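The values are calculated or read from the model by the stated rules, or taken from the named source; none is laboratory data. Not measured: the values here are computed from a predicted model. When we count neighbours, we look across all protein chains shown, and the Cβ atoms used for this are built from the backbone with ideal geometry, even at glycine. Accessible surface areas use protein heavy atoms only, side chains included; no ligands, DNA or RNA. Shrake-Rupley method; radii C 1.70, N 1.55, O 1.52, S 1.80 Å.
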Amino acid sequence: MPKLKPTYSKPSKAKFTKPLHSARPAPRPARPEPEVEMEPAPAILPFDQLGLDPGLLLAVTAAGYESPTPIQSRAIPPLLEGRDLLGQAQTGTGKTAAYALPLIQRCDIGIDATQAIILAPTRELAVQVAGEVYGFSRASGLRVVPVYGGQPIEKQFRALKTGAHIVVGTPGRILDHLRRGSLVLDSVQTCVLDEADEMLALGFLEDIETVLAAIPPERQLALFSATMPSRVAWVAKKFLRDPVRVIIESKKRTLETTNQTYYEVPAGKKLEALCRVLDMETPGPTIVFCRTRNETGQLSDELRLRGYGADGLHGDMAQHERDRVMKRFREGQTDLLVATDVAARGLDIETVTHVINYDIPWDAEQYIHRIGRTGRAGREGDAITLIEPRERRQLRNIEQMIGSRLKPVRIPTAADISARRLDRNRKALRDVIERGEGESHMAIASELAEDYDPLAIAAAALSLLWGSSKGAEEPEEDTSAFAEYPETGMARLLVSIGRKEGLRPGDLVGAIAHEAGLTGKEI
């Protein structure tokens, strides 16, 4: 196969050159948009009015879909017509089905060649997308092959050699197969770029352009992205031809379905704060985000030592290790998945109840990507961010970009956690009584009632229950810096004189109020 070279001209640097001096620089937009006017959003049509074949409608019903999501309703018809499409929708809004269903319908099973290709930024997303496409196309007999790094390439050689109508893969591995001649794109009629913003952030621009250069000129191109930074807008303008633009506002979805809070933590106390938050929240499946691979491993180890079910997930792990970790998390064998941004990209687990930013994200786009892991498929979720005092400005920048304020929350005390556990035990007892599950112990209760007061028996049973639920999880008393750390928005003053010197509390409050211009209620 001849050596593949991208047939494109690089943009002139002058287009991106900023003036050296400006009296008042214009504010930077939160999300630069392509130079295409947005059309009014049409009404959401049911699946049977989108132009899908009866066989695909059956597959959609079998997959559990009752009605299309906005991105599906608006993207499927133009994709079925063969139009190029620019779709902006946050992860978890059903965009995989939005492009998979038209792609399947447009493929011809009678042609034994690759007719569609889907590019994804990570191997986890490639496997996930391939599985969903296969699920929809199983009855049609289309062959779907995922190709990605970390899997033996010989296995992919065999799968491609037997024929693949649809290939899903990461840009690097797709390009590798093109150079080896194991993948030929001469018959491709549709190409999908999924999570385009993440692919460009990972440096796949040249690989993407090389792959697009190997596809026939008369092809359909669909680009999907959760955000629309200038790089994605430039790629869309260069490669899409008269595209239909579909925008599903992600900010509203994020704010409506996700409860966003933050804890301000003393420097060096994040691990202790995280443990207290976990004890207080008692979350379901939770993803904890760290910035680096090393921190991911260290934090997961520390959490396990403290009795939490935690596994780490990062880019340096072998594929079989990543698969094992994800299997354990999906099946509920571990409650906490400690991950980096890249490793967690493309994870679609609807049961995730909490996302915790152990390290505050670098920018608003990264923050939106992270909290998009929870509150999925219409469910409510919680996004918690831990910050140190020096990170307040970074938090304010994120709030300004997303147009919403995060709610400050006080770090739970040992008394808070104990009260929370008492509430859980009280609820558990009520549930047992209402379900009638305590009848098997009635004989013991009746026997004890002959010698002891029923209330004393119940109190003793509660004591046993409480003792079994405490153990090593009992929070330490507030002898750490948490007890001395002021709540967010407050300052603590230490005064070394008091009643022995004749100073009354009212005198001190009055002096501070007078000198600082505050009211007594603010002190």
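Here the dipole of the stretch 77-160 is about 140 debye; that uses its Cα centre as origin and unit charges on the Cβ of Lys and Arg (positive) and Asp and Glu (negative).
Each eigenvalue of the Cα gyration tensor of the stretch 133-197, multiplied by 5 and square-rooted, gives one semi-axis; in descending order these are 18, 15, 12 Å.
The stretch 423-437 and the stretch 110-176 have Cα centres separated by 50 Å.
Overall dimensions of the stretch 168-218, expressed as equivalent-ellipsoid semi-axes from the Cα gyration tensor (√(5λ), whole Å, largest first), are 18, 13, 9. Only protein heavy atoms count here; under a 1.4 Å probe, residue 519 has an accessible surface of about 80 Å². The packing ranking of peptides 396-409, 438-451, highest mean first, is 396-409, 438-451, where packing means the average number of other beta carbon atoms within 10 angstrom of each residue.
Extension gain residue 400-residue 161, at 0.36 nm per residue separation less the Cα-Cα distance, in nm? Walk me through the intermediate numbers first.
Numbers: separation 239, 0.36 × 239 = 86.04 nm, distance 5.18 nm.
Difference between extended and current length: 80.9 nm.
Can you bin the stretch 58-110 into rounded, prolate or oblate? Criterion: square roots of the alpha carbon gyration tensor eigenvalues sorted a ≥ b ≥ c, rounded for a/c under 1.5, prolate for a/b above b/c, oblate for the rest. Oblate, because a/c is 1.5 or more while a/b does not exceed b/c.
Computed FRET efficiency, Cβ-Cβ of residue 461 and residue 213, R0 56 Å: what is it to the nearest 0.05?
Numbers: r = 73 Å, r/R0 = 1.30.
Efficiency computed from Cβ-Cβ geometry: 0.15.
Give me Rg/Rg_expected for the stretch 175-331, where Rg uses Cα atoms only and Rg_expected = 2.2 N^0.38 Å with N residues.
Values: Rg = 21.2 Å, N = 157, 2.2 N^0.38 = 15.0 Å.
Rg over 2.2 N^0.38 Å, computed on Cα atoms: 1.41.
On a per residue basis, the stretch 284-352 carries 45 Å² of accessible surface, using protein heavy atoms and a 1.4 Å probe.
Let me know the whole percent of all Cα-Cα pairs from the stretch 412-464 that are separated by more than 16 Å. List each step's numbers first, then the result.
Values: 732 of 1378 pairs.
Percent of Cα pairs beyond 16 Å in the stretch 412-464: 53.
For the stretch 225-239, backbone phi angles converted through the Karplus equation (6.51, -1.76, 1.60; θ = phi - 60°) give residue-by-residue couplings of 8, 6, 10, 10, x, 4, 5, 5, 4, 5, 4, 4, 5, 6, 10 Hz, Gly and Pro being listed as x.
Amide H contacts for residue 245 (H built 1.01 Å from N in the peptide plane; partners 5 or more residues away or on another chain; cut-off under 5 Å): 86.
Tell me, what does the Kirkwood hydrodynamic radius of the stretch 270-379 come to in angstroms if you use every pair of distinct C-alpha atoms? Don't jump to the answer; show the numbers that get you there.
Values: mean 1/r = 0.0720 Å⁻¹.
Hydrodynamic radius (Kirkwood, Cα only) of the stretch 270-379 equals 13.9 Å.
Annotation for the stretch 242-331: GluC sites (Glu not before Pro) lying in DSSP loop with at most 14 further Cβ atoms inside 10 Å of their Cβ are 249, 331. Here is the list for the stretch 169-230: GluC sites (Glu not before Pro) lying in DSSP coil, each with at most 10 other C-beta atoms within 10 angstrom of its C-beta, are 218.
Length gained on full extension, residue 516 to residue 153, computed as 0.36 nm times the residue gap minus the Cα-Cα distance: 123.7 nm.
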